[in-house]
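Quick notes on the structure that follows.
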Amino acid sequence: MNPLSGSDPSADLPRSAPSVYGLFGHPVHHSWSPFIHGMFAKQTGQDMIYRLFESPPARFRSEVLTFLGSEGQGANITLPHKQAATELVNELTPRAQMADAVNTIVRRDGSLIGDNTDGAGLLTDLTSNLGLKWSAPRILLLGAGGAARGAIEPLLSLKPVKLVIANRTVTKASKLAAEFQDLGWVSGCEFSGLPDRSFDLIVNATSASLRGEVPLIPIGVVDSGTTCYDMAYGVGDTAFVAWAKRLGAGRAEQGWGMLVEQAAEAFELWRGVRPDTAPVLQVLQARAARVTDSPSSD
Ligand code: ATR
């Protein structure tokens, strides 16, 4: 309002309602996404609301469809619904198809498009935020569940000389490796079958950190040239990050950056504007250092 005019000339004009987005998961109360999207919206001047929906599996499908059929302009999907979400959209992007999981739904011209921004978030964090550069790296991916699956194609884009997928249940690792072998040199094994030789990059995509556990892998896979990356994140070091530091890994990082980058990618899909992630990541890490919580993943 102009302080000299005495009245606001726009006061009587109808105001459009803010756009509404939401995160569906079970549980979701721990999520940092409302905070992250709130900061993105403020930074880019977008009029939007971001809500949390505690949605158990039995109600997931109907609740998301009801939301997106009414006020919801788009949605994020988290555990345990990322795979179920592939079945309720009208169209899947190639990267969602490859990951067989949807973490972002965009409503466009009456149609629901399912995308997956997790892999892009991981890659941006590794290469831009952490500034990691390799030529023909040896990469070890731990885990063979949904999170690991979504990381395979982004990791293969780093042109590794080899990508080894190691999992507690070896059959799942071998199956995943076989599925992706057309895209690069990929093999699957159990933890005890890992070579006693270091890797350039180890990505932990197991859910072990969520319970404060570390996959039982031979310590020879880590040396001072190894970067260890935990896709989980939490207050203080995750169990995997602490383990990597104890073994003298060159770098040991957790997934805060991936969390913020996947959110930025979703935000851009919805709003058409790319937020600056650096200040958000900074605030988040500083806040996380002050809050007591356990490791999580979005
Ligand atoms: P997400 O969608 O988070 O990937 P998931 O599909 O249930 O969840 O997969 C969890 C992954 O973490 C699996 O690879 C699992 O190993 P199994 O396939 O053998 O079950 C792995 N995992 C969970 N807890 C683990 C632990 N304590 N040690 C090692 N691997 C673990």
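Quick note: the coordinates plus some simple rules give every number you see, no bench work behind them. Only a predicted model underlies this, so the values are computations on that prediction, with no experimental measurement involved. Don't worry about glycine lacking a Cβ; one is built from the backbone with ideal geometry, like all the others, and counts go over all protein chains shown.
In summary, the lysines within cross-link reach of residue 172, defined as a Cα separation below 26 angstrom excluding same-chain residues under 8 places away, comprise 82, 159, 162.
Using the Kirkwood radius over C-alpha pairs as Rh, can you work out the diffusion coefficient of the stretch 120-254 via Stokes-Einstein at 4 °C, viscosity 1.567 mPa s, in µm² per second? Kindly include the intermediate steps, with their values, before the conclusion.
Details: Rh = 14.5 Å.
For these conditions, the coefficient is 89 µm²/s.
For the chain, the residue among 41, 60, 227 whose Cα projects farthest onto the positive side of the dipole built from Cβ charges is 227.
The share of Cα pairs per 10 Å bin across the stretch 227-271, counted from zero up to the longest distance, runs 29, 41, 20, 9, 1 percent. DSSP assigns beta bridges within the stretch 120-254; of those with both partners inside it, close to 0 percent run antiparallel. Of the beta bridges in the chain, as assigned by DSSP with both residues counted there, near 20 percent are antiparallel. Spin-label model, residue 17 to residue 268: label points 7 Å out along the Cα-to-beta-carbon direction sit 3.0 nm apart.
For residue 175, the aspartates and glutamates whose Cα comes closer than 19 Å to its Cα, not counting residues fewer than 8 places off in the same chain, are 100, 153, 190. For the chain, the longest principal axis of the Cα atoms and the long axis of helix 146-156 meet at an angle of about 80 degrees. The relative contact order of the stretch 202-272, computed from alpha carbon pairs under 8 Å that lie at least 6 residues apart in sequence, is 31 percent. For a distance above 33 Å, tell me the whole-number percent of Cα pairs in the chain that qualify. Across the chain, Cα pairs with separations above 33 Å total 26 percent.
Counting helices only, and only those DSSP H runs with n ≥ 4, report the 222 nm mean residue ellipticity of the chain as the sum of -39,500 (n - 2.57) divided by its residues, in deg cm²/dmol to the nearest 500. Roughly -9500 deg cm²/dmol at 222 nm, from the helical runs in the chain.
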